[in-house]
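What follows is a single structure, written as structure tokens, with notes after it.
Just so you know, all these numbers are worked out from the coordinates, no wet-lab data involved. Please read these numbers as outputs of a predicted model, since none were measured by experiment. Neighbour counts run over all protein chains shown; Cβ positions are idealised from the backbone, glycine included.
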Amino acid sequence: MKLFLKGEKCLTEKCPVERRSYPPGEHGRGRIKQSEYLLQLREKQKARRYYGLLERQFRTYYTKAATTSGITGENLLRMLEMRLDNVVYRLGFAASRAQSRQLIRHGHFQVNGRRVNIPSYQVKPGAVVTMTTGSSAEQVIRDATDLTASVSPWLQADHDGLTGKVLKWPERDEIDTPVQESLIVELYSK
């Protein structure tokens, strides 16, 4: 499935998924029996790769989502969406989540006036995300904002001033992640 992890490359015909829609290797075109476990595992792996997480990080998010009140799958997606690297990407300050991770790691963003260099930082509603003044990556960020057509409804972005604000917790219908969270919950609840 096309997850748009490569930024602009996925919008052209040079996207690897468009050119070759089957797995690599000698046995790539063979048929695989679609078991229930396979579907659940693929859904979890899709979510992990979509947000750029390691297995242990994803498992930790799941356990936190399971302990909070509400629907576990929706809590999981909410927590993943509120990561700083995802918020920067959703605001349009980076072309991909990988680029937003690197920009955050290099200290180009502040949350509520304090420099944060941890991509997994959980942003709260009402937080203001700004670019650090005098940042050397300002041109890269401005180029990324030109690619952005719209911003998620739970965020507010000012692309001229390079600031963004988290208005509220995202609802499930506002999250456009191509993941069926119920399959992930079924996989982990075994």
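What to note about this one:
- Candidate set from the stretch 113-153 (those that are in contact with a strand residue (DSSP E or B) (Cβ under 6 Å, 6 or more places away or on another chain) and of a type in the set (S, T, N, Q)); member that is nearest to residue 78 (Cα to Cα): 120
- Residue 75 over 30 Å from residue 134 (Cβ atoms) and without any contact (Cβ under 8 Å) to a residue 40 or more places away in the chain: yes
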